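Inspection log for the structure reproduced underneath, given as structure tokens.
The values are calculated or read from the model by the stated rules, or taken from the named source; none is laboratory data. Source: prediction; values computed, not measured. All Cβ positions, glycine included, derive from the backbone under ideal geometry; neighbour counts span all protein chains shown.
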Amino acid sequence: MEHKNEAMTSLKDDNGQICPQLQGLDVKSVWDDVREAAKKTAQKEAYLRPLLEDVVISRVSLAESLAVRLARRLARADMQRSELELLLTDLLNSHPKIVAMAASDLLAIVERDAACSSVLEPLLFYKGFLAISAYRISHQLWQQDRKALAYYFQSVVSEVFGVDIHPAARIGCGILLDHATSVVIGETSIVENNVSILHEVTLGGTGKVTGNRHPIVRSGVLIGAGSKILGRVEIGECAKIGAGSVVLADVPSHTTVAGVPAVIIGLSEKNPALDMNQSLSGDYLTLSEGNAI
């Protein structure tokens, strides 16, 4: 299964970088896979056929399908489905980069999540994918100085999916929010490409510091469940944060840290975000050897 198209090579992520998954990404090919999986599922499961027809089979593009899925999930008295569907469809059709990044997220989930067997499943069922997609829309609104509407989406997404991402945060592509419950990403956070984040992770600030006060997470990082990364600290490329850790200082690239407060315990794998190996390998290094962070 290849998803290549030279037209996508000019697209950059929200941090101004070329995301590897956007290079040569063919969104239509991803969409074709989604529709094929939907048709097969509709044949097997009659109870889901109306949902599949509405969200996927009757739609002409990933942009339209994603708009419909989000509208169905986020609609309420404040803004009903018909209004949301028009707004989201217009935004996604006007900003193909958002759709390309969503496609890259779909592929990342299939590649990294052993429980996921097709690109259809995240679109229909995974709140982590839907939450990051809704964030990408709110981020676009924020960039257009439509901040009240961006805050509206942040608020509703937090209530519906249990994921709270500030619309000003800068997040790259190929992102996996695994399970996603209680993930919090603050206003000045920067998350680069191909990062995997598990549930109950916080990228937060400390106290009442203003300005750049949230973490920078470089590409290829794996952040274990329940970890809290606080302040303007930098998590180096391909680092691994052990589950339940509290990180208060910079983490070097290609290292594994764990504990409260976190300390270096060894080297990380070559691509921890892709491997999704949350074990803490390597010998523990003592604070006396200068390995506290």
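Looking at (1) assigned by TED's automatic domain parsing to the domain that holds Ile216; (2) out of contact with any Ser or Thr (no Cβ under 8 Å at 6 or more places or on another chain), which is the one condition that is false for Val201?
Evaluating Val201 over (1) assigned by TED's automatic domain parsing to the domain that holds Ile216; (2) out of contact with any Ser or Thr (no Cβ under 8 Å at 6 or more places or on another chain) leaves (2) as the failure.
Within the range 202-229, how many residues turn out to be closer than 19 Å to Lys240 by Cβ and of a type in the set (Ser, Thr, Tyr)? Explain how you work it out, then say what you get.
The initial filter retains those residues of the range 202-229 that are closer than 19 Å to Lys240 by Cβ, namely 202-203, 215-229.
Subsequent filtering for residues that are of a type in the set (Ser, Thr, Tyr) retains 202, 219, 227.
Final tally of qualifying residues: 3.
Residues that are among the basic types (Lys, Arg) and out of contact with any helix residue (DSSP H, G or I) (no Cβ under 6 Å at 6 or more places or on another chain), at least 3 per element: which strands (runs of 3 or more DSSP E) completely within the range 207-279 meet that? Walk me through it before giving the result.
Working: elements: 228-230, 255-258, 263-267.
Filter on the range 207-279 gives an empty set.
For the range 56-86, what are the residues that are within 20 Å of Pro122 (Cβ to Cβ) and either in contact (Cβ under 8 Å) with a residue 60 or more places away in the chain or aromatic (Phe, Trp, Tyr) (or both)?
Across the range 56-86, the qualifying residues are Val56, Leu66, Arg69, Leu70, Arg73, Leu74.
List every residue pair whose Cβ atoms lie under 6 Å apart, where the two residues are 6 or more positions apart in sequence or sit on different chains, the first residue falls within the range 268-293 and is not assigned by TED's automatic domain parsing to the domain that holds Asp105, and the second residue, located anywhere, is at pLDDT below 55 and assigned to a helix (DSSP H, G or I).
Final answer for the pair search is none.
Suppose we filter the range 235-269 for residues that are crowded, with 22+ Cβ neighbours inside 10 Å, over 23 Å from the mean Cα position of the chain (by Cα) and closer than 15 Å to Ala225 by Cα; how many remain?
Within the range 235-269, residues that are crowded, with 22+ Cβ neighbours inside 10 Å, over 23 Å from the mean Cα position of the chain (by Cα) and closer than 15 Å to Ala225 by Cα number 1.
Considering (1) of a type outside the set (Ser, Thr, Tyr); (2) surrounded by fewer than 20 Cβ atoms within 10 Å (Cβ to Cβ); (3) farther than 27 Å from Pro252 by Cβ; (4) outside the structural domain of Ala131 (by TED's automatic domain parsing), say which one Leu149 fails and leave the rest.
Of everything listed in (1) of a type outside the set (Ser, Thr, Tyr); (2) surrounded by fewer than 20 Cβ atoms within 10 Å (Cβ to Cβ); (3) farther than 27 Å from Pro252 by Cβ; (4) outside the structural domain of Ala131 (by TED's automatic domain parsing), Leu149 misses just condition (4).
Tell me, please, whether a residue that is of a type in the set (Asp, Glu), more than 19 Å from Val221 (Cβ to Cβ) and assigned by TED's automatic domain parsing to the domain that holds Gln154 can be found in the range 106-125.
Yes - at least one qualifying residue is present in the range 106-125.
Taking the range 168-185 only, how many residues are in a loop (DSSP other than H, G, I, E, B) and surrounded by 22 or more Cβ atoms within 10 Å (Cβ to Cβ)?
Residues that pass the stated criteria total 6.
Given Val60, Val55, Val30, which one is surrounded by fewer than 15 Cβ atoms within 10 Å (Cβ to Cβ) and at pLDDT 95 or above?
Going through Val60, Val55, Val30 in turn, just one is surrounded by fewer than 15 Cβ atoms within 10 Å (Cβ to Cβ) and at pLDDT 95 or above: Val60.
Consider Ile165 carefully, then state whether it is on the phi < 0 side of the Ramachandran plot, without any contact (Cβ under 8 Å) to a residue 40 or more places away in the chain and either buried (at least 18 other Cβ atoms within 10 Å of the Cβ) or in contact with a His (Cβ under 6 Å, 6 or more places away or on another chain) (or both).
Here the answer is yes, as Ile165 does meet what is asked.
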